[in-house]
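A short write-up of the structure that comes next.
The values are calculated or read from the model by the stated rules, or taken from the named source; none is laboratory data. All values reported here derive from a predicted model rather than from experimental measurement. With ideal geometry, Cβ positions are generated from the backbone for all residues, glycine too; neighbour counts draw on all protein chains shown.
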């Protein structure tokens, strides 16, 4: 990776999520490897010093105050469903948690559950699409907001209903039908009139940088 790709000093939320995962995997040791791995993931250079200082001065401190109880998790997703991604407003209900830690919790939970659910499934059976849109589907919302008590196998063995799959494919520009054999048949319907595909924009009332969604699907 060339020096021209050296990253700016500001850490984005998707980098914090990745750094948190990688540091825990290496037990906060071997910072050279940690820096190399996160740099490869984001296609930019993060130095050993940057990673170590970000962890020690920010993420580790926040982690100590960010343990979530089952009651808090239920309240959080109820609030998020009602008022959307207004992290500042949501943080008012959790005095011991910062706006950024709440945002991190939301996306790291979704990322974990997407990866566990999609593992081993064929492309047409996977959860895909703009997060704001697919989280409006009750069946998917229940899956992606699952707590850690749901094991990898629990999520891996779950299957989406035909109705849910159809909604996902509509969001992504495809229509799915179930054939007589019971297998999904996907056809492109991007030329249909009246179909609008939404894109995720930055939250209008939030100053913090918005997450790069691609990080959720890696």
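A count restricted to the range 116-145 and to residues that are over 17 Å from residue 164 (Cα atoms) and surrounded by 15 or more Cβ atoms within 10 Å (Cβ to Cβ) stands at 1.
When the test is whether a residue is surrounded by 15 or more Cβ atoms within 10 Å (Cβ to Cβ), assigned to a helix (DSSP H, G or I), over 18 Å from the mean Cα position of the chain (by Cα) and assigned by TED's automatic domain parsing to the domain that holds residue 155, residue 75 passes it. If you take the residues of the range 62-72 that are touching a helix residue (DSSP H, G or I) at 6+ places or on another chain (Cβ under 8 Å) and surrounded by 13 or more Cβ atoms within 10 Å (Cβ to Cβ), which of them is modelled with the highest pLDDT? In this case the residue turns out to be 68. Restricting the range 147-167 to residues that are surrounded by 15 or more Cβ atoms within 10 Å (Cβ to Cβ) and touching a strand residue (DSSP E or B) at 6+ places or on another chain (Cβ under 8 Å), the residue that is nearest to residue 112 (Cα to Cα) is 165.
Each residue in the range 155-173 was checked for being part of a helix (DSSP H, G or I) and closer than 16 Å to residue 110 by Cβ, and 3 of them qualify.
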